[in-house]
1. Would you check if there is a residue in the range 49-66 being touching a helix residue (DSSP H, G or I) at 6+ places or on another chain (Cβ under 7 Å) and over 26 Å from ILE12 (Cβ atoms)?
2. Is one or more of the residues making up the range 93-106 of a type in the set (Val, Ile, Thr) and at pLDDT 90 or above?
3. Consider the range 75-110. How many of its residues are surrounded by fewer than 10 Cβ atoms within 10 Å (Cβ to Cβ) and either touching a residue at least 40 places away in the same chain (Cβ under 8 Å) or among the β-branched types (Val, Ile, Thr) (or both)?
4. Taking the criterion of being modelled with pLDDT under 90, out of contact with any Asp or Glu (no Cβ under 9 Å at 6 or more places or on another chain) and either surrounded by 14 or more Cβ atoms within 10 Å (Cβ to Cβ) or not hydrophobic (A, V, I, L, M, F, W, C) (or both), would at least one residue in the range 36-51 satisfy it?
Amino acid sequence: MRPIRFLHALPIPARNALRKLGADIRDARRRRRVPTTLAAQRSLLNRKTIRKIEKGEAGVSIGAYASLLFVFGMTDRLGDLADVRYDRLGFALEEERLPQRVRARKKERLSERG
């Protein structure tokens, strides 16, 4: 298997987040007393992929992460990862772009008169 080049360019905070996610998934599996063989069967993944997920490797597809989270009943927050409600930077940028004042368009002003 050839190495994936982009993994070396992955920002450190992203790598750390994946490692934390992997460790949290591993802890969730252990708390449920589910061996990797059973987790692999239920998630339709192989044990090697489960180990990669638990290490937080970036080369594993998000679908594999989602499948394993589903097995543990933890997919409820997966849809909220990039939810607009949690996008603080996006809100701040949007506030910077708000106009100082709002004017009615010329067509709207003419239709109000007529």
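1. no
2. Keep residues of the range 93-106 that are of a type in the set (Val, Ile, Thr), which gives 102.
Imposing the further condition that a residue be at pLDDT 90 or above reduces the set to none.
No, there is no match, as no residue in the range 93-106 is of a type in the set (Val, Ile, Thr) and at pLDDT 90 or above.
3. Residues meeting the conditions: 2.
4. Let us first name the residues in the range 36-51 that are modelled with pLDDT under 90, namely none.
No - not one qualifying residue is present in the range 36-51.
The values are calculated or read from the model by the stated rules, or taken from the named source; none is laboratory data. Please read these numbers as outputs of a predicted model, since none were measured by experiment. Here Cβ is always computed from backbone atoms with ideal geometry, including for glycine, and neighbour counts include all displayed protein chains.
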